[in-house]
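Report on one structure; see the data block that follows.
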Amino acid sequence: MPEHAQALATLVAHNREHLQTYLPAVVQLDAYGEAQAYLQAAVARAASGEVLEWHVFSGTALCGSIRLKDIDTADHNARIGYYLGQQFQGRGIASAAVRAVLAHAFGALQLHRIELQCAAGNHASRALAERLGFAHEGVLRQGELLNGVFVDLHVYGLLQAEFVPEGAALSLA
């Protein structure tokens, strides 16, 4: 994955305004050096089992990233997060990528529950969660500080037994 540093920096640089709204930390990856350091750290986190991260491609173009984090092997649960460049949205790419990671999480990783959190104003992520069968479990009032403002977070959960793997033919290499 460190070989994707330049593509990641370019993707983020071209989507600064789009990403700033809900993922201000990602905006820091808009230069090669920062992207390279981040990806090297991601490899280390994956080796420890702390976070698993994949890059999402459309053809040969890097279009986003998806990760499982807060992986708890004792309780068999994790949280999922993702982003796509604005120019790649509306094509079903995020749905397919999330579904593929869920298939991996519930299959190979034998997790029982996946949680997805998103800011109240992030209607695209809320729609994705609902489209993939996540149950809306509640709202964490002012649960995240985004760009200097506390925002509510919607919490969604999906259990292994509720997961519908159709369309999960993507490979996670």
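So what is the relative contact order for region 2-162, in percent, with contacts set as C-alpha pairs under 8 Å and at least six apart? List each step's numbers first, then the result.
Details: 261 pairs, mean separation 27.0, N = 161.
That works out to 17 percent.
Which of the listed residues, 71, 110, 83, is farthest toward the dipole's positive end in region 62-136, when Lys, Arg count +1 and Asp, Glu count -1 at the beta-carbon?
Value: 83.
Given a Förster radius of 22 Å and the C-beta distance between residue 45 and residue 140 as r, what FRET efficiency does 1/(1 + (r/R0)^6) yield to the nearest 0.05? Mind showing how you got there, number by number?
Working: r = 24 Å, r/R0 = 1.09.
Working from the Cβ atoms, E equals 0.35.
Expected output is a single nm value to one decimal: the length gained when fully extending between residue 95 and residue 130, i.e. 0.36 nm times separation in residues minus the C-alpha distance. What is it?
Working: separation 35, 0.36 × 35 = 12.60 nm, distance 1.06 nm.
Value of the extension gain: 11.5 nm.
Which trypsin sites (Lys or Arg not before Pro) from region 47-119 combine a DSSP loop assignment with at most 13 other Cβ atoms within 10 Å?
On the way: sites: 67, 69, 79, 91, 99, 113; in loops: 91.
Of the trypsin sites (Lys or Arg not before Pro), the ones in loops of region 47-119 whose Cβ has at most 13 other Cβ atoms within 10 Å are 91.
Given a Förster distance of 41 angstrom, what is the FRET efficiency for residue 16 paired with residue 161, based on the Cβ-Cβ distance and rounded to 0.05? Walk me through the intermediate numbers first.
Values: r = 40 Å, r/R0 = 0.98.
It comes out at approximately 0.55.
With both bridge residues required to lie in the chain, what share of the DSSP beta bridges run antiparallel, to the nearest 5%? Don't skip to the end; give the middle numbers.
On the way: 29 of 33 bridges.
Taking every DSSP beta bridge with both residues in the chain, the antiparallel ones total about 90 percent.
Could you tell me which of 97, 123, 164 has its Cα farthest along the dipole of region 90-173 towards the positive end, charges placed at Cβ (Lys, Arg +1; Asp, Glu -1), taken about the Cα centre?
Farthest towards the positive pole: 97.
Give the shape of the chain as rounded, prolate or oblate, defined through the alpha-carbon gyration tensor: a ≥ b ≥ c are the square roots of its eigenvalues, a/c under 1.5 means rounded, and otherwise the shape is prolate if a/b is larger than b/c and oblate if not.
Working: a/c = 1.43, a/b = 1.17, b/c = 1.22.
Cα axes put the chain in the rounded bin.
All of the numbers you see were taken from the coordinates with simple rules; none came from a lab. Note that the coordinates shown come from a computational prediction; the quantities given were computed from them, not determined experimentally. Because the Cβ atoms are built from the backbone with ideal geometry, glycine has one as well, and the counts that use them run over all protein chains shown.
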